[in-house]
Amino acid sequence: MGTFIGHISPGLAFLSFGLLYTIRYSWMVLNGCRVQYGPQPKTNQKYWKKLPIEALMKLIYGFMAVLAEFFFPPGVQKLRFFRSDDPEYHFQHPSEWQHATMYGFFCFSGVLDIVSQSCLQKRWPLLEHVGTTSAFFITTLLLKFHNHGKEAVEVQVHYLLLITTALTCLIMIVEIWQPNHRELWFAKALLVNVQGTWLLHAAFILYCPPTGHAWDSGDPANHMFLTTFYCWHLALDAGLMGVLFWITLILHRRWGNRLGRDCYQLAGDKAEMAKLTGEDVDEEM
C-alpha cells in the first residue's frame, strides 16, 4: 500500500462501497423501507446468482489486495516474518503485514455475508454487521500504529484517514443496537465515500504531486492545507451523495415498478419484522 497504486486501489474500493451504500440507502428510503437488514426472499435462482454483490466485492478486493501486498511486483515475495540469516530475528515487512491484515478482515466479512445470506435458512443480520464492524475496527486500530518510517506529511494524511475510519466504526457499533436509523445509514455512507476519495487524493499528495515537487514536511502551511483539503472532501462527497440521491429519485419515479419497488423492502410477517427491528409486533411498520 505504500505506493501510488497501493493508495489508488483501496481508494477505489472504498469509494465503490460508499457509492453502493449511497444508492442502496437512497432506494430504500424512497421505497419507504425502515429496516436496514431485511430477510432474504426465497428464490429458485442458482446459488451463484444469489450471492450478495457487497460480499463478492469484499472477497475479490480483499483477496487481490492481500496477494498484491506480498507478491507485487512480480518476482517479489514478502510472505515472511523475519530473515533466517538475521541473528536478531527482526520483523520484516511490517507495513505489508498490517495492510494484509486489514484486507483479510474485509475478506472475512464478505465470507460472513455469504454464509448469512446464501447458506443459512434464515438470514443473520447481526453476524453480517459485526463482521463489517470488526473490519473497520481493525482498520482503525492498525492506522493508529502505522507511522513506521513515515514523514510528517504522510503521518497527517493517515491521521485524517484514522479519524474517518474511527467515526465509521463508531457509527457501526451504535448500529449493532440501533440498525434502523436512516441518519446513521447516510452518515456511514458519507464517511466511507470520504475514505475512498481521501485515499485517491493521498496517492497524488504522497507519490505524484501535480507540481512535481514533494510536499515539505517541515512547512506548517502544508499541514494546514492537508486539513483544508480534507474538509473539502467532506463537502464534495456530501454533494456527490446529494446528486446520487437525486438521480435515484428520478429512476424511482420513472422506472420504480420495473426495477422492483420491493427492492430492499422488508418481507415476511410482522413477527419476523419484530425480530429484526426490536419493535413491538403491533407497531406500524
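The values are calculated or read from the model by the stated rules, or taken from the named source; none is laboratory data. Every value quoted in this text rests on a predicted model; they were computed, and no experiment measured them. Virtual Cβ from ideal backbone geometry, glycine too; neighbours counted across all protein chains shown. Only protein heavy atoms, including side chains, enter the accessible area calculation; ligands, DNA and RNA are left aside. Shrake-Rupley method; radii C 1.70, N 1.55, O 1.52, S 1.80 Å.
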Output for Cβ contacts, cut-off 6 Å, separation at least six or different chains, first residue under 14 Å from PHE145 (Cα atoms) in the range 78-106, second at pLDDT below 80, reads PRO94/HIS148; SER95/GLY2; HIS99/MET1
Expected single match for modelled with pLDDT of 90 or more and open to solvent by less than 30 Å² (accessible area, probe 1.4 Å) among LEU236, LEU191, LEU184, LEU200 is LEU191
Residue pairs qualifying under the 8 Å Cβ cut-off, at least six apart or on distinct chains, with the first in the range 54-75 being more than 14 Å from THR101 (Cβ to Cβ) and the second being charged (D, E, K, R) and crowded, with 17+ Cβ neighbours inside 10 Å, are GLU54/ASP113; ALA55/ASP113; LYS58/ASP113
Note on GLY149: of the conditions (1) within 30 Å of HIS223 (Cα to Cα); (2) open to solvent by less than 50 Å² (accessible area, probe 1.4 Å), unmet is (2)
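Residue-wise test of (1) open to solvent by less than 40 Å² (accessible area, probe 1.4 Å); (2) at pLDDT below 90; (3) touching a Gly at 6+ places or on another chain (Cβ under 9 Å); (4) under 21 Å from LYS188 (Cβ atoms).
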position: ILE5; (1), (2), (3), (4): no, yes, no, no
position: SER9; (1), (2), (3), (4): no, no, no, no
position: GLY32; (1), (2), (3), (4): no, yes, no, yes
position: LYS50; (1), (2), (3), (4): no, yes, no, no
position: ALA68; (1), (2), (3), (4): no, yes, yes, no
Kindly establish whether SER116 is assigned to a helix (DSSP H, G or I), in contact with a Gly (Cβ under 9 Å, 6 or more places away or on another chain) and among the hydroxyl-bearing types (Ser, Thr, Tyr). yes
Within the range 1-36, residues of a type in the set (Lys, Arg) and under 18 Å from ILE250 (Cα atoms) come out as ARG24
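Pick out the one residue from PHE91, PHE105 that is over 26 Å from MET241 (Cα atoms), surrounded by fewer than 19 Cβ atoms within 10 Å (Cβ to Cβ) and among the hydrophobic types (A, V, I, L, M, F, W, C).
Only one candidate passes the filter, namely PHE91.
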